[in-house]
Amino acid sequence: MERIIVAILGLLIGYVGGYAGIGGAPFMIAFLVLVMGLDQHTAQGTVLTMMLGPMSLMALLSLWKETKSQWKNIVIGIVSYAVFSYFGALLAFRLDEAHLKKYFAVMLILTAVFQLLNNRAEENTNTHIPWYWMLAIGAAAGVIGGFFGVGAGILFIPVFISLFGLKKNYARALSLGILLPPVSLGAFIKYYEMGAIRWDYVIILFTGYFLANYFGAKHGSKISLKNFKRVYSLILIVLGVLYFVF
């Protein structure tokens, strides 16, 4: 029964991830900890390992034009993220589970607030950001991603839209393109060394996510993200509060 629940989670987050251009890792990690009972390090390691596969491939096929025009920045983001995610993972294992969970809860709430303040998606006209900024963003996101076990897509999107004025679909394509290859490899190495991976969940989550991602991306290309952001920002805040309570 527990694997069926995890499969449903993978399908749901896959659709949401394609819709919004995010990996959905914070939702998966919180679910694995609060519902499935995994410890924080193992939940993070499991989700990071799932992200080694091409989970956003189907979504990118629906955003091919926007993806192709940004391939250089995608490569820069991939390399910088992969390298610096290892250092983020090192920091994560310097903390015990209780402290890591508190930091994770704060990250959820701050991310939700950042999302709610980001309202420029429908007004933007830019289709590219400078490569040196992409290098810096990729490195910073790598540290954050390795520390919290996330792909940082949920952080990429508001940064690309609010700070650099990227059009919605270009921001989604750039985020999903960076998340396509084994971008979490650096962090995975550390989590693997520490034995903090639930391999059966990895396979189930990846399969569900991969199958549903394309349909979410197709839907997200046609609909405004404003109301959606309000909903999943509220969910992030609720999850953050639950982390403090439990």
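The values are calculated or read from the model by the stated rules, or taken from the named source; none is laboratory data. Keep in mind it's a predicted model, so treat the numbers as computed, not measured. Cβ coordinates were reconstructed from backbone atoms using ideal geometry, including for glycine residues, and neighbour counts include every protein chain displayed.
So that you can scan it fast, the table gives a plain yes or no per residue for (1) in a helix (DSSP H, G or I); (2) under 14 Å from the mean Cα position of the chain (by Cα); (3) of a type outside the set (Asp, Glu); (4) surrounded by fewer than 23 Cβ atoms within 10 Å (Cβ to Cβ):
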site: Ile4; (1), (2), (3), (4): yes, no, yes, yes
site: Gly10; (1), (2), (3), (4): yes, yes, yes, no
site: Ile13; (1), (2), (3), (4): yes, yes, yes, no
site: Phe31; (1), (2), (3), (4): yes, no, yes, yes
site: Leu38; (1), (2), (3), (4): no, no, yes, yes
site: Thr46; (1), (2), (3), (4): yes, yes, yes, no
site: Met58; (1), (2), (3), (4): yes, no, yes, yes
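Criterion applied to Gly24, Gly88 was being on the phi > 0 side of the Ramachandran plot and either in contact (Cβ under 8 Å) with a residue 40 or more places away in the chain or not β-branched (Val, Ile, Thr) (or both), and the one residue passing it is Gly24.
Yes/no per residue for (1) more than 14 Å from Ser175 (Cβ to Cβ); (2) out of contact with any helix residue (DSSP H, G or I) (no Cβ under 8 Å at 6 or more places or on another chain):
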position: Leu52; (1), (2): yes, no
position: Trp64; (1), (2): yes, yes
position: Thr67; (1), (2): no, no
position: Val83; (1), (2): yes, no
position: Asp96; (1), (2): yes, yes
position: Phe104; (1), (2): yes, no
position: Met107; (1), (2): yes, no
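Kindly establish whether Thr67 is under 19 Å from the mean Cα position of the chain (by Cα) and either surrounded by fewer than 16 Cβ atoms within 10 Å (Cβ to Cβ) or more than 30 Å from Ile4 (Cβ to Cβ) (or both). So Thr67 fits the description; yes. Of the residues that make up segment 155-165, is at least one part of a helix (DSSP H, G or I), without any contact (Cβ under 8 Å) to a residue 24 or more places away in the chain and not hydrophobic (A, V, I, L, M, F, W, C)? No, the conditions are met nowhere in segment 155-165.
Just one of (1) touching a residue at least 60 places away in the same chain (Cβ under 8 Å); (2) surrounded by fewer than 16 Cβ atoms within 10 Å (Cβ to Cβ) fails for Arg94. It is (1). With (1) of a type outside the set (Lys, Arg); (2) under 22 Å from His219 (Cα atoms); (3) touching a helix residue (DSSP H, G or I) at 6+ places or on another chain (Cβ under 7 Å); (4) in a helix (DSSP H, G or I) as the list, and Gly77 as the residue in question, which single condition is left unmet? Failing condition for Gly77: (2).
Give Pro26, Pro54 a once-over and let me know the one that is within 17 Å of the chain's Cα centre (by Cα) and not in a helix (DSSP H, G or I). It is Pro54. Considering segment 217-237, the residues that are hydrophobic (A, V, I, L, M, F, W, C) and within 20 Å of Pro26 (Cβ to Cβ) include one that is modelled with the highest pLDDT, namely Ile237.
The set of residues from segment 178-195 being closer than 21 Å to Thr111 by Cα and out of contact with any Phe, Trp or Tyr (no Cβ under 7 Å at 6 or more places or on another chain) comprises Leu179, Ser184. Among residues that are surrounded by fewer than 20 Cβ atoms within 10 Å (Cβ to Cβ) and within 18 Å of the chain's Cα centre (by Cα), Leu205 is not included. The condition of being buried (at least 24 other Cβ atoms within 10 Å of the Cβ), closer than 19 Å to Gln40 by Cβ and touching a residue at least 40 places away in the same chain (Cβ under 8 Å) holds for only one of Gly177, Gly149, that being Gly149.
For segment 68-85, which residues satisfy the criterion of being out of contact with any Phe, Trp or Tyr (no Cβ under 9 Å at 6 or more places or on another chain), in contact (Cβ under 8 Å) with a residue 60 or more places away in the chain and not hydrophobic (A, V, I, L, M, F, W, C)?
Of the residues in segment 68-85, the ones out of contact with any Phe, Trp or Tyr (no Cβ under 9 Å at 6 or more places or on another chain) are 68, 71, 74-75, 78-84.
Retained after the next criterion (residues that are in contact (Cβ under 8 Å) with a residue 60 or more places away in the chain): 71, 74, 78, 80-84.
Selection gives Ser80, Tyr81.
Within segment 103-122, residues that are under 14 Å from Ser233 (Cβ atoms) sit with their Cβ atoms under 7 Å from residues that are modelled with pLDDT of 90 or more, at 6+ positions apart or across chains, in these pairs: Met107/Phe148.
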